[in-house]
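Comments concern the structure below.
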Amino acid sequence: MLNGQIGAKYKSCKSVSFSDGHGGTIRETVHARKAERVGGHPSLLLTEYLTDTKIKGTRLVTKALWTIAGRNVYMIDSTLLNVQSPKPTLSSLMLKLIARVRALR
């Protein structure tokens, strides 16, 4: 159910705008959503664009991976600078994060 709630949030609210504190407006937009499974866990991979009206022609691209493992919700993101996809992959980092959290218990 929680995976559906995360997906519904990003489906219903595709963009958010707020002040950058310097007279401009920052706009965060979900460009793409993809349901995945990471290590058997339901996951949602988002591609988000971030723009600022004070900075013309430039946008930051972020990949965010949300994963549900048992009763826990995890999120890892990466801002892409001059690359098409993060290295190491977000899914491999997610599996390491889940394992580390479980080891703490």
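Kindly report the accessible area of the chain per residue (heavy atoms of protein chains, probe 1.4 Å, no ligands, DNA or RNA), in Å². Mind showing how you got there, number by number?
Details: 7090 Å² over 105 residues.
Solvent-accessible surface per residue comes out at 68 Å².
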(request) Identify, among THR79, SER43, ILE26, the residue whose Cα sits farthest towards the positive end of the charge dipole of the chain, taking +1 on the Cβ of Lys and Arg and -1 on the Cβ of Asp and Glu, with the dipole about the Cα centre. (result) SER43
(message) Quick check: the angle from helix 2-12's long axis to the longest principal axis of the chain, C-alpha only, nearest 10 degrees?
(response) 10
(message) Keeping all protein chains in the complex and leaving out DNA, RNA and ligands, what accessible area do you get for MET75 with a 1.4 Å probe, in Å² to the nearest 10?
(response) 90
(request) Rounded to whole Hz and in sequence order, give me ³J(HN,Hα) for segment 56-63 from the Karplus expression 6.51 cos²θ - 1.76 cosθ + 1.60, θ = phi - 60°, writing x for Gly and Pro. (result) 6, x, 10, 9, 9, 10, 10, 9
(message) Above 18 Å lies some portion of the pair distances; for the chain, what is it as a whole percent of all C-alpha pairs?
(response) 54
(message) Can you compute the helix-only [θ] at 222 nm over the chain? Use -39500 (n - 2.57) per DSSP H run of at least 4 residues, normalise by all residues, nearest 500 deg cm²/dmol.
(response) -8000 deg cm²/dmol
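At 0.36 nm per residue, and after removing the present C-alpha to C-alpha distance, how many nm does the segment from THR58 to THR79 gain when stretched out fully? Provide the component values of the computation, followed by the final result.
Numbers: separation 21, 0.36 × 21 = 7.56 nm, distance 1.34 nm.
Full extension from THR58 to THR79 adds 6.2 nm.
State the percentage of accessible surface on the chain attributable to carbon and sulfur atoms; use a 1.4 Å probe and exclude ligands, DNA and RNA.
Details: 3940 of 7090 Å².
Carbon with sulfur: 56 percent of the solvent-accessible area.
Given 0.36 nm per residue, what is the gain on full extension from GLU28 to LYS87 after removing their alpha carbon distance, in nm?
Numbers: separation 59, 0.36 × 59 = 21.24 nm, distance 2.30 nm.
Full extension from GLU28 to LYS87 adds 18.9 nm.
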(request) Might you report the magnitude of the Cβ-based charge dipole of segment 9-61 about its Cα centre, with Lys and Arg at +1 and Asp and Glu at -1, to the nearest 20 debye? (result) 200
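The values are calculated or read from the model by the stated rules, or taken from the named source; none is laboratory data. Just so we're clear, the structure is a prediction, and the values are computed from it rather than from any experiment. All Cβ positions, even for glycine, are placed from backbone atoms using ideal geometry, and neighbour counts span all protein chains on display. Protein only, heavy atoms only, side chains kept; ligands, DNA and RNA dropped before computing areas. Shrake-Rupley method; radii C 1.70, N 1.55, O 1.52, S 1.80 Å.
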